[in-house]
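Colleague: Mind having a look at this structure? Questions to follow.
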Amino acid sequence: MSGIYQRLDSGRHQLRRLSLSPGDLHDPICGTLETVSLGEHPKYEALSYVWGVDISPTPMVLDGTNVPITQNLDSALRHLR
């Protein structure tokens, strides 16, 4: 998965912001990652999440690449978009 990430600049206090594409509850989860600097006061909502092993991952399309995510994250993202 490291191929989809750009290196963050710690001096600029950057984070990766996920923008979810609109969709209905049962539509595929799709989105894009964007690197933003906290110094520019970007708008975002935070989701506290712990990556872990899931015995039955589900796909998400991130910047055109299928990325496996846990079922719990899938459910959270469906309700947030």
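The values are calculated or read from the model by the stated rules, or taken from the named source; none is laboratory data. Just so it is clear, the model here is predicted, and its values are computed rather than measured. So basically every Cβ, Gly included, is an ideal-geometry build from the backbone, and we count neighbours across all protein chains shown. What goes into the accessible areas is simple: the full protein's heavy atoms, side chains included, and nothing from ligands, DNA or RNA. Shrake-Rupley method; radii C 1.70, N 1.55, O 1.52, S 1.80 Å.
Colleague: Given a 1.4 angstrom probe, what's the average accessible area per residue across the chain, in square angstrom?
Modeller: Normalised by residue count, the accessible surface of the chain is 75 Å².
Colleague: Still on this structure, please answer the following. Expressed in whole Å with the largest first, what are the equivalent ellipsoid semi-axes of region 10-54 derived from the C-alpha gyration tensor as the square root of 5 times each eigenvalue?
Modeller: 24, 15, 9
Colleague: Moving on. Leaving out ligands, DNA and RNA but keeping every protein chain, what accessible area does HIS79 have, in Å² rounded to the nearest 10, with a 1.4 Å probe?
Modeller: The accessible area of HIS79 comes to roughly 140 Å².
Colleague: Which of LEU33, LEU18, LEU47 moves most in a GNM of the chain, Cα contacts under 10 Å?
Modeller: Of LEU33, LEU18, LEU47, the most mobile in the Gaussian network model is LEU47.
Colleague: From the phi angles alone, apply the Karplus equation (6.51, -1.76, 1.60; θ = phi - 60°) to region 56-69 and give each ³J(HN,Hα) in whole Hz, x where the residue is Gly or Pro.
Modeller: 9, x, 10, x, 10, 9, 10, 6, x, 10, 6, 10, x, 10
Colleague: May I ask you to rank ARG16, ARG81 by accessible area, largest first, using a 1.4 Å probe over the protein chains only?
Modeller: Greatest to least solvent exposure: ARG16, ARG81.
Colleague: Using the Karplus curve 6.51 cos²θ - 1.76 cosθ + 1.60 with θ = phi - 60°, work out ³J(HN,Hα) for each residue of region 6-22 in order, rounded to whole Hz, and write x for Gly and Pro.
Modeller: The phi angles translate into 8, 4, 8, 9, 4, x, 9, 6, 8, 9, 9, 9, 8, 9, 7, 6, x Hz.
Colleague: For ILE29, list long-range residues whose amide hydrogen, built 1.01 Å from N in the peptide plane, is under 5 Å from its own amide hydrogen.
Modeller: Long-range HN contacts for ILE29: VAL61.
Colleague: Read phi for every residue in region 37-48 and hand back ³J(HN,Hα) as whole Hz from Karplus 6.51 cos²θ - 1.76 cosθ + 1.60, θ = phi - 60°, with x for Gly and Pro.
Modeller: Karplus-based 3J(HN,Hα) across region 37-48 equals 9, 5, x, 8, 6, x, 7, 6, 10, 8, 10, 7 Hz.
Colleague: May I pose another question? Summarise the accessible area of the chain (1.4 Å probe, protein heavy atoms) by the percent that is carbon and sulfur.
Modeller: In the chain, the share of accessible area belonging to carbon and sulfur is 52 percent.
Colleague: In region 13-71, what GluC sites (Glu not before Pro) fall in a loop by DSSP, with at most 14 other Cβ atoms inside 10 Å?
Modeller: Here the GluC sites (Glu not before Pro) that fit, given the DSSP loop and packing criteria, are GLU45.
Colleague: While we're looking at this one, here's another question. In angstroms, what radius of gyration and Dmax does the chain have, counting Cα atoms only?
Modeller: Expressed in Å, the Cα Rg and Dmax of the chain come to 13.4, 40.
Colleague: Is there a quick way to get the dipole size of the chain? I mean about its Cα centre, with the Cβ of Lys and Arg at +1 and of Asp and Glu at -1; what is the value in debye to the nearest 20?
Modeller: Dipole of the chain, to the nearest 20 debye: 200 debye.
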